[in-house]
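Written below as C-alpha cells is the structure these notes are about.
The values are calculated or read from the model by the stated rules, or taken from the named source; none is laboratory data. The model shown is predicted, which means the values in this text are computed figures rather than measured ones. In this analysis, Cβ positions are derived from the backbone assuming ideal geometry, glycine residues included, and neighbour counts consider all displayed protein chains. Please note that ligands, DNA and RNA were not included when accessible areas were found on the heavy atoms of the full protein model with its side chains. Shrake-Rupley method; radii C 1.70, N 1.55, O 1.52, S 1.80 Å.
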Amino acid sequence: MTRWIETLLALQEVDMQIRNLNIRKKMIPQEEARLTKELDEAQSELREAKIAAHQTEVAIKENEAQIVKLYDAIAQKQQRSTMIRKNDEYQAALTEIANNKAKIEELESDIILLMDKQDAQKLRLKEISAETDAQTVNIRNEIKELQGLVKEIDEMLGELEQERSKCATQVESELLRRYEALLRGKAGAPLVKIVNENCTNCHLRITPQTLTLAKRGAMASCDNCSHLVYLEA
C-alpha cells in the first residue's frame, strides 16, 4: 500500500471517530428534551390526580354544608310551626320540612358515592405518586448520565483533534485539500476501497482509466461520486 493511502487512512480513521462523536453529541439535547417531556407528562398526571381528589373532597364538604343548612331550616320551620294557626300554612310547613328531609337523604346518598370515589382516588393517587417518584429518579439519573457523556465526548474530541493535527501533517497538502473538501461536503468516508471493480461508496463500476490509476497506486477518484478510491494490495 502506497504512503499516501496509508497516511490518509490514518487521518480518516481519526476523522470518522470525530464525526461519530459529534453526531452522538448532537443527539444528546434531543434525548434530554425527550426525557424532560416524559418527566413533565408524569408529573402532569400526578397533578391531575391531585386536582381530581381535591375536587371530590370539595364536593363532599359542599354537600355536608348543604345538609347542615337544611337541618337548620327544618329546625326553624318546626319551631315556627308550633305557632301556626291556619291549617293550610301548617300543611305547607310540613311539606317544606318533608322536602328538605328528602333533599338531605339525596345529599347523604351523594356523599356516600363521593366517599367511595374518594377512596378509589386516594388509592390511585398513592400509586401514581410512587410511580412518578420512581420515574423522576430514573429520568433525572438518565439526564445526569447524558450530561456526563457530553463531558466525556468533549474530552475525547480534544484528544482526537490533537491526534488529527499530527496525522494531517503526514498528508501532502493538495491531497489534504481534496480530502477535507470531501469530508465537509459528502456523507461517508472520503477515501474508499475498490472491490470487484466497484466503488464501495456509490457502488457503481469504476471506469477503466480510474482503475488503471488505482492499480498503479496513484491518486484516483471515482467518476460517479468523486470520492477518493484505492485498491488494497
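Helix-only estimate, please: 222 nm mean residue ellipticity of the chain, summing -39500 (n - 2.57) across DSSP H runs of length 4 or more and dividing by its residues, to the nearest 500. Can you show the working numbers first?
Details: 4 runs with 182 residues, N = 233.
The per-residue figure over the chain is -29000 deg cm²/dmol.
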Under-5 Å amide H pairs with VAL229, H placed in peptide plane, nonlocal only: VAL192, ALA220, SER221, CYS222
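Treating only the Cβ of Lys, Arg, Asp and Glu as charged (+1, +1, -1, -1), what charge dipole size does segment 167-233 show about its Cα centre? Round to the nearest 20 debye.
Values: 8 positive and 6 negative charges, 16 e Å.
I would put it at about 80 debye.
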Euclidean distance of C-alpha centroids, segment 1-57 and segment 84-111, integer Å: 68 Å
Across the chain: Cys residues that no other cysteine approaches within a C-beta distance under 4.7 Å: CYS167
Fraction of accessible area attributable to carbon and sulfur, the chain (%, probe 1.4 Å): 52 percent
Approximate spin-label separation THR207-THR169, in nm, with each point projected 7 Å along Cα-to-Cβ: 3.8 nm
GNM top mover of GLU41, GLU89, GLU131 - the chain, alpha-carbon springs below 10 Å: GLU89
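So for the chain: antiparallel DSSP bridges make up what percent, rounded to the nearest 5?
Numbers: 5 of 8 bridges.
Within the chain, antiparallel bridges account for around 60 percent of the total.
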Loop GluC sites (Glu not before Pro), segment 162-233, which have at most 10 other Cβ atoms in a 10 Å radius of their Cβ (DSSP): GLU232
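Which length gain, in nm to one decimal place, applies between VAL195 and THR136 when the Cα-Cα distance is subtracted from 0.36 nm times their residue separation?
Working: separation 59, 0.36 × 59 = 21.24 nm, distance 5.16 nm.
Gain in length upon complete extension: 16.1 nm.
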Unit Cα scatterers, Debye sum, segment 41-147: log10 I(q)/I(0) for q = 0.16, 0.19, 0.24 Å⁻¹: -0.80, -0.93, -1.15
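Skip the ligands, DNA and RNA, and give the accessible area per residue of segment 139-209 with a 1.4 Å probe, whole Å².
Accessible surface, normalised per residue, equals 66 Å².
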